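In what follows, a structure is listed as structure tokens, so that the remarks can point back to it.
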Amino acid sequence: MINYRKEAIVTFSFDDGRIDNYKVVKEILLPNNIPATINIATGYIDGSLKMLGGGYNPKPMTIEQIRELYSTGIIEIAGHGDLHKNEWDDIKLGREKLLAWLQLPFDSKIGFASPGSGMTPKFIRENQRILENLGFSYARTGPEIRTKHMMRLYARKAARVLHWSKLYKAAYKDSLQSTVIKEPVLSIPILKDTSLAEIKELIHFSEKRELLCTLMFHSIIDEQKNKNGDTWCYDYRKFEELVSWLKEEREKNKLKILTTADALDNVEF
């Protein structure tokens with residue numbers, strides 16, 4: 001039985017625990033009552049992991065800042081491994097550190113985002129029981145191609161060059177979800193050159209069909225500070241515009257904006 005939602009749901013999912021994410025939450029999301037999920041690579045926070053991939057390597061949040069965001073009640077803190085690895089021991093250690101930092105009981109269930117989306121949706125489905133036994137309520141990964149495999153791949157490459165909003169929708173609509181019961185959470189990577197028009201086209205599609213749209217971000221910084229041209233750095237001003245537009249859509253009752261965990265709780269049985 002497929003479980004449908006009453007309206008579209010959008011989630012913000014930020015990877016690693018970067019200091020710019022803390023700034024974005026404090027300056028943009030919290031003042032607008034916008035929930036989000038922060039996926040923490042614990043080794044990055046405590047110094048065990050010195051460098052992230054990509055040309056831009058910001059400082060991490062502190063443990064105190066992670067606790068502060070969690071205490072707001074609208075920011076979900078989820079696992080992302082310890083040393084940003086898709087290995088069971090690393091994933092387990094990352095969860096244990098998070099529970100200790102947040103002073104949560106050891107049997108607490110939290111979410112998990114696969115580092116670098118290295119776990120495919122197929123792998124997560126096949127290993128769901130292991131993830132559950134490790135203490136995770138869900139696993140988030142990258143986009144999925146369900147139909148016309150090569151056509152979707154070409155569409156994604158073309159969308160990054162041409163920036164046609166309808167092409168972008170065609171490239172990523174397979175990763176919008178009507179149900180996530182016993183399924184991995186699929187996310188759409190928002191890159192440096194992703195336009196607002198492309199994101200809006202995808203969300204309009206979600207609204208028409210009452211789907212879950214999970215937007216995956218890394219750093220949100222002023223475009224001028226991205227001197228290395230890191231593809232994972234999204235412009236601060238564009239993000240402000242996106243949040244403002246989503247807030248308007250929410251006020252029109254066209255969508256909900258939730259954490260990943262709360263989005264899963266909104267599935268109708």
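The values are calculated or read from the model by the stated rules, or taken from the named source; none is laboratory data. Values in this document were obtained by computation on a predicted structure and should not be read as measured data. All Cβ positions, even for glycine, are placed from backbone atoms using ideal geometry, and neighbour counts span all protein chains on display. Each accessible area value is taken on the protein alone, full model and side chains, heavy atoms only, with ligands, DNA and RNA left out. Shrake-Rupley method; radii C 1.70, N 1.55, O 1.52, S 1.80 Å.
Here region 9-70 has 53 percent of its accessible surface on carbon and sulfur atoms, given a 1.4 Å probe and all protein chains in place.
Using the basic label-point model (7 angstrom from Cα toward the beta carbon), what is the Met51 to Gln103 distance in nanometres? With each label placed 7 Å out from Cα toward Cβ, I get 3.8 nm. For the chain, the per residue solvent-accessible surface stands at 46 Å², with DNA, RNA and ligands left out and a 1.4 Å probe.
Checking every one of the trypsin sites (Lys or Arg not before Pro) in region 168-264 against DSSP loop status and a limit of 13 other Cβ atoms within 10 Å picks out Lys182, Lys227, Lys252.
Taking every DSSP bridge with both residues inside the chain, close to 5 percent are antiparallel.
Couplings 3J(HN,Hα) of region 134-143, computed from phi: 6, x, 10, 8, 7, 10, 9, 9, x, x Hz, in residue order, whole Hz [Karplus 6.51 cos²θ - 1.76 cosθ + 1.60, θ = phi - 60°; x for Gly and Pro]. When the C-alpha to C-alpha distance is required to be over 27 Å, the pairs from Lys97/Lys192; Lys200/Lys252; Lys85/Lys200; Lys227/Lys256 that qualify are Lys97/Lys192; Lys85/Lys200; Lys227/Lys256.
On the basis of the beta-carbon distance and an R0 of 41 Å, Ser71 and Glu223 show a calculated FRET efficiency of 0.85. Taking all protein chains together and a 1.4 Å probe, the residues Ile130, Ile188 rank Ile130, Ile188 from largest to smallest accessible area. The eigenvalues of the Cα gyration tensor, multiplied by 5 and square-rooted, give region 25-122 an equivalent ellipsoid with semi-axes of 21, 17, 14 Å from largest to smallest.
Can you tell me the equivalent ellipsoid semi-axes for the chain? Use √(5λ) from the Cα gyration tensor, largest first, whole Å.
Ellipsoid semi-axes (Å, largest first): 26, 22, 19.
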